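J.: Below are the structure tokens for one structure; questions will follow.
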Amino acid sequence: MGSQGQQLRMKDRLDLINAILPDELIAEVFGYLQVGSKESCDACALVCRRWLRIERACRRFVRIGANGDADLVIEAVVRRFSGLHSICIDERLPVSLPLPLVPRNSSRKRRANRPTEARSTVENNEFGEHEVGQSVSDAGLAAIANGCKELQSLNLIWCSSITSAGLCSIAESCKHLLFLDLQGCYIGDQGLIAVGESCEQLQDLNLRFCEGLTDKGLVGFAKGRGKTLKCLGIAACAWITDNSLKAVANHCPSLESLSLDSEFIKDEGVIAIAEGCRSLTVLKLLCRNVTDEGLRAVGSFCSSLEMLALFSVLRFTDRSLDAIGKGCKKLSNLTLNDCYFLSDKSLETVAAGCTALTYLEINGCHNIGTSGLESIGRSCPRLTELALLYCQRIKNSALVEIGRGCALLQGIHLVDCLSIDDDALCALARGCRKLKKLHICRCYEIGDRGVIAIAQNCKFLQDLGLRYCDRIGDEALVALGQGCPLQHLNVSGCHRITDVGITAIARGCHELVGLDVCVLEKLSDMALAELGEGCPMLKDILMSHCPQISDAGLSHLVRGCTQIQTIQMVYCPLVTSAGIATVISSCPHMKKVQIEKWKVSERTIRRSASILSFLCVEL
């Protein structure tokens, strides 16, 4: 009896959580889990009936994609998860067809009477991120409106079948809505006006590619609910003009972020925004008809501006950036993309006035050269990330000055900077010892010496890309393996790299998560064996166009790297269907395998169709 009593007491102790903790406290714990992975929430829901009930009641977010009858699935989701605060319906999401899950509490008779397609769709999504949905209609939005009264965030992305009627039902019932994304939805003015009249707390509105909207809708919305709006995005709305921006300026004094992508917006609208929305902190412009006059108004009135991004603006000159540099002293993030008429004078003015700059991206601005970037290096010591893309006029001395003056720099991106060589990289290595991310692509003058300097000085480097830098070889990778805790490495197209370099990485970088070794013709199975032994945390590996890699190498790789989720091995002639089957069966977390279709056996296709991605070469 004594031993039996002890066993009973031990059994009672094992169930102390369910016996003592109230539902409210368990729900609070589940709330913390939702900040992390969805898998943790699903695992808790499968522990027992009580936890399943609690987890369903406290789940706050679901995502719905493409497959099956979307409206039917939305109704089921809303019934099942009564406490939803955020719903994302994105018809761009990939189709997912897992094996059907049979709910425990549903009768066989009810399942038998349900249509086959609908039954599999609902049951597939018993506990998960609901990747389902053909075209959501107004009926689906009505189900959300009826079941989610406390909804705070709603994303309707490319839901082409919804209309103003569905949006009106949301507006009438979801009074606490804070965030609304209507990207790609062909809704009318009446629906947007209804949102403005009813959603008293709305702060964030995205109207990108809403081709059915006109000035009437946005003006009506601004008049109804403009005082709370803080973030607005407009793109490719042909019927929205400067009149809408004037209404926003008049009725939305708290607007902080504005993104405009339109050929129909002119200086008049931007000037109105600058004068009426003086709390603006973020401005993104892709408006070909806005000139210096519009941007100078921003510089004059928006002294709180922190982020400015200019894309493909052909009519801006140095006068625009002169006003920004003099008037926007808080500017910390600047992106200049295809602004052909900006020169070094623009960067010199920004450097002199915006000394708090932390992020700078220059992409395709062919008149910006060395002297402008030198000014940034001398005047902006807080710079943490620098991107120079297709800047062929920038020479070594610019990066030497950056290295000398920007000790806090953590990220550098260099693409097609043909005048940059090892001397510039050595200067950056000496001055920017906190560097964590370095991406270099097609900078043909950079070789082993510059990368070795980075490896010796930048001990925090975690993310390194050296794409198609054909002067880089094994010596650089040996130094990196000895000196840097790399987690991501991309050396695709560096044809001088052999097994020696990859072996050094495998033996020195045990925390490696992502690796791209595409187009390395000298790479063989020996390197894969070393990776399998030295990099157990590897999740993503790309090794297409590697002619010496075979099934034997793959077998060695997956023996140690069982955490792999993505693998690409296109145009590897020695890889066969047996090797592919080995990879899939050895990696339980696999999400995507990209390979030629003719190499995959029918058995593998039947068992793993959802993770296979075939290269389309058939005509």
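J.: With a 1.4 Å probe and every protein chain left in place, tell me how much accessible area H589 has, in Å² to the nearest 10.
T.: Taking all protein chains as shown, H589 has close to 90 Å².
J.: Put +1 on the Cβ of each Lys and Arg and -1 on the Cβ of each Asp and Glu in the chain; which of C561, L84, G473 then has its Cα farthest toward the positive end of the dipole?
T.: L84
J.: Along the charge dipole of the chain, which of L205, S244, G411 sits closest to the positive end, that is, farthest toward it, with unit charges on the beta carbon of Lys, Arg, Asp and Glu (+1, +1, -1, -1)?
T.: Going by the Cα projections, it comes out as L205.
J.: Obtain the radius of gyration and the Kirkwood radius of segment 335-399 from its C-alpha atoms and give Rg over Rh.
T.: 0.91
J.: Next question, about the same structure. When Rg is the radius of gyration of the Cα atoms in segment 188-342 and Rh is its Kirkwood radius, what does Rg/Rh come to?
T.: 0.96
J.: Sticking with this structure for a sec: Holding the Cα-Cα limit at 31 Å, pick out from K227/K329; K175/K246; K284/K597; K437/K522; K395/K436; K436/K539 the pairs that are longer than that.
T.: K284/K597
J.: Another one. For segment 342-455, give the magnitude of the charge dipole about the Cα centre (Cβ charges: +1 Lys/Arg, -1 Asp/Glu; no others), in debye to the nearest 20.
T.: For segment 342-455, the charge dipole is close to 380 debye.
J.: Something else about it: If segment 507-619 were replaced by its equivalent ellipsoid, with semi-axes equal to the square roots of 5 times the Cα gyration tensor eigenvalues, what would those be, largest first, whole Å?
T.: Output for segment 507-619: semi-axes of 21, 16, 12 Å.
J.: When only alpha-carbon atoms count, how far does segment 365-444 stretch along each of its three principal axes, as whole angstroms with the largest first?
T.: For segment 365-444, the Cα spread along each principal axis is 26, 22, 19 Å.
J.: R467 accessible area, nearest 10 Å², 1.4 Å probe?
T.: Looks like 100 Å² after rounding.
J.: How fast does segment 273-356 diffuse by Stokes-Einstein, in µm²/s, taking the Kirkwood radius from C-alpha pairs at 20 °C and 1.002 mPa s?
T.: Translational diffusion coefficient: 175 µm²/s.
J.: Charges only on Cβ, +1 for Lys and Arg, -1 for Asp and Glu: so what's the dipole of segment 254-318 about the Cα centre, in debye to the nearest 20?
T.: Charge dipole, segment 254-318, about its Cα centre: 60 debye, nearest 20.
J.: Considering the Cα positions of the chain, please state its Rg to one decimal place and its Dmax as a whole number of Å.
T.: Looking at the chain, its Cα Rg and Dmax stand at 28.3, 92 Å.
J.: Report the extension gain between D470 and E263 in nm, rounded to one decimal, defined as 0.36 nm multiplied by the number of residues separating them, less their alpha carbon distance.
T.: Full extension from D470 to E263 adds 70.4 nm.
J.: Using only the heavy atoms of the protein chains and a 1.4 Å probe, how would Y571, Y32, Y359 rank by accessible area, largest first?
T.: Highest to lowest solvent-accessible surface, that is Y32, Y571, Y359.
J.: Just how far, in whole angstrom, is segment 345-418 from segment 182-214 if you go by their alpha carbon centroids?
T.: Segment 182-214 and segment 345-418 have Cα centres spaced 39 Å from each other.
J.: How much accessible area per residue does segment 212-346 have, counting only protein heavy atoms and a probe of 1.4 Å, in square angstrom?
T.: That works out to 38 Å² per residue.
J.: For n ≥ 4 DSSP H runs only, could you compute -39500 (n - 2.57) per run for the chain, divide by its residues and tell me the 222 nm figure to the nearest 500?
T.: Result for the chain, helices only: -12500 deg cm²/dmol.
J.: Oh, and also: Treating only the Cβ atoms of Lys and Arg (+1) and Asp and Glu (-1) as charged, compute the dipole magnitude of segment 393-530 about its Cα centre; round to the nearest 20 debye.
T.: That gives a dipole near 620 debye.
J.: Here's another thing I want to ask about it. Quick one: with all protein chains in place, what share of the accessible area of the chain is carbon or sulfur, to the nearest percent (1.4 Å probe)?
T.: 52
The values are calculated or read from the model by the stated rules, or taken from the named source; none is laboratory data. Keep in mind it's a predicted model, so treat the numbers as computed, not measured. We place every Cβ from the backbone using ideal geometry, glycine too, and count neighbours over all the protein chains shown. Remember, those area values only see protein heavy atoms, side chains included, never the ligands or the DNA or RNA. Shrake-Rupley method; radii C 1.70, N 1.55, O 1.52, S 1.80 Å.
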